[in-house]
Amino acid sequence: MRNRYLLVAIVLALVFALVGCQPAAEEYECTDEWGCATFEPGQTVKVAYVGPMTGDYSAFGIDMSRGAEMAVAAHPTVHGFDIELVVEDTQGTPEQGASVANKLAADPRVVAISGHSFSGSTEVAIPIYEEAGIVMMSASATNPSLTDLGSYVFNRVAFHDRMQGEYAANYIYNQLGIRSIALMHDGGAYGQGLAEMAGQFFEDLGGTVVGTEAVTPGETDYSAPLAAVAALGPELIYYGGYDSDAAVLASQMAGAGLEDALFFGCDGTYGINYINLAGGGAEGTFSTFVPIPESGAFTQFRADYQATYGDEQGELSTFSPHSYDATTILINAIESVAVQSGDNLIVPRKALADAVRATSNYQGLTGTITCSDVGECAAASIQFMIVENGAWVPGPGQ
C-alpha cells in the first residue's frame, strides 16, 4: 500500500512538472527608496510615449510613437506580464507637457517614460517624474541644460544642442566660408537655445551675428520678421525650430529680398516633410542630419516600418530609430530589475532608474549606446545636408 501511495505521489509530481505547476515565488519585500510598482495577474506594465501627436508638429510625435510601438511589439512581455504602451499628446507645448506628466505620475502602473520629445515639454516634466520616481529616456529632447539639472530620472539617446550648435558654426564658417549670419528661432527652449548657441560659437570663430528675430510658431506669413532680417544684409540665416515653420521661412525668403542669403536649419527641420511643405523654396537650404549606421537590424526596421504603417521610414521625421532604442532600453531595464512575488510582479523604481543609467555598450539601431553619469547616451554623429533637385544630399565637404 505504501508503495502505491509513493507511486501516486511520483506520478502527480511528474504531471505538475509537465503542466508547469510550480510553487509560487516567494513574497518580495520592497525596500527600494523610491518605492515599487506592483502588478497583479492580468495587469499590464505601462511604458508611456509622450510627444506631439496633434498640431503643427504631429509628424514628429507620430513617427516616434511608431518607433516605440515597434519596440514594444519586439519585446511584448516582462516575466509573463504584458507591456502596454500608453501614448500621450503634448501638442509640442510645455503646458501640455506638464499636464500629461501629472496624469502619468498619478498612475501607479506607469514605470517608465519614452520621452518627452521636445525640450520645452521635457523641461517642465522632469521635476514631476523626479517626484514620482519615474525614469525617462528621450529620443529627441536636445537642449543641453536638461542634463545640467541634476535629474536622476532623465536620460536621452539624442545628441545635445551644444554639440550641434558648435558643429554647425564650424561648418558654416570654415566650410561654407560665411562671415555674417542672422539668427531666427521659434522662441522655444529647443529652437531659441540652439540658435543662440550656434551664434555664440560662430562669433567665437570670428564671424558676425548681425541680429536675431523670433517668429510665432504656426503662422503662415513671416514676411515681417524676414524683412527685418533682410535689412541687416546677412549672408545666411541660421534657424532653430521645427520643419513646418522653417518651410514657411524658406519659401518666403526670396519675396523678402533674401534671395541671395542661404537658409541653414537644424535637426528639427530635416526630413521629407520639410521639402514637401517648402516646395521650391527648399532648394539649396541646409539642415542637420543624424545618420543611422547601416546594419541588418536597421534594414529590417525600415522594412517593418513601411510594411506596418505604409510610410517610408524617415518621411515624417528621422527619430523613429531613436525612439525604438529609447523604449527598448527602458524595457530591458524593467526586465533586469523586476521581481516575481507570489503571483505578482514587482518593479522597484530606484533600481530601474539605476539600471537605465547604467546602460553600457547596448547595440541599438542608432549605434553603440553607453550612458554617462548624467544620462547622456547618444551614439549618433552629426552631418549637414543640402536640398538638391528636391532631395536631401550631403552638403559640400562631407
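Values quoted throughout were computed directly from the atomic coordinates according to the rules given, and no laboratory measurement underlies them. A quick note: this is a predicted structure, and the numbers were derived from the prediction, not measured. Backbone-built Cβ (ideal geometry, glycine too); neighbour counts: all protein chains shown.
On C-alpha positions alone, give me the angle between the axis of helix 94-105 and the longest principal axis of the chain, in degrees, nearest 10.
0
In what order do Leu149, Leu365, Leu236 fall by count of nearby beta-carbon atoms within 10 Å, going from fewest to most? All intermediate terms of the calculation are to be shown ahead of the outcome.
Values: Leu149 14, Leu365 26, Leu236 20.
Least crowded to most crowded, the residues run Leu149, Leu236, Leu365.
Write down the radius of gyration of region 161-289 and its Dmax, each obtained from C-alpha positions, in Å.
Looking at region 161-289, its Cα Rg and Dmax stand at 12.8, 36 Å.
Rounded to the nearest 0.05, what FRET efficiency is calculated for Thr220 and Ser336 with R0 set to 45 Å and r the Cβ-Cβ distance?
0.40
Could you go through region 345-356 in sequence order and give the Karplus-derived ³J(HN,Hα) for each residue, using 6.51 cos²θ - 1.76 cosθ + 1.60 with θ = phi - 60°, rounded to whole Hz, and x for Gly and Pro?
Couplings: 10, 10, 10, x, 6, 5, 4, 5, 4, 4, 5, 5 Hz.
On full extension of the chain, what length is gained from Asp304 through Asp373, given 0.36 nm per residue of separation minus the C-alpha to C-alpha distance?
Working: separation 69, 0.36 × 69 = 24.84 nm, distance 3.38 nm.
Answer, rounded to one decimal: 21.5 nm.
Going by C-beta contacts inside 10 Å, put Ser99, Ser223, Ser287 in order with the fewest on the left.
On the way: Ser99 19, Ser223 13, Ser287 28.
Neighbour counts put them in this order, fewest first: Ser223, Ser99, Ser287.
Based on the Cβ-Cβ distance of Gln175 and Asp82, what FRET efficiency does E = 1/(1 + (r/R0)^6) give at R0 = 41 Å, to the nearest 0.05? Show your work: numbers first, answer last.
Details: r = 50 Å, r/R0 = 1.23.
The computed FRET efficiency comes out at 0.25.
Once both labels are modelled 7 Å past Cα along the beta-carbon direction, what's the Gln383-Lys103 spacing in nm?
Inter-label distance under the simple model: 3.8 nm.
If you take Rg/Rh (Cα atoms, Kirkwood Rh) from the coordinates, which of (i) 1.10; (ii) 1.05; (iii) 1.00 do you get?
From the options (i) 1.10; (ii) 1.05; (iii) 1.00, the structure gives (i).
Order by neighbour count: His75, His160, fewest other Cβ atoms within 10 Å first, most last. Let's see the in-between values first.
On the way: His75 17, His160 22.
Least crowded to most crowded, the residues run His75, His160.
Under a point spin-label approximation (7 Å from Cα along Cα-to-Cβ), what is the Leu232-Val210 distance to one decimal in nm?
Going by the 7 Å Cα→Cβ label model, 0.9 nm.
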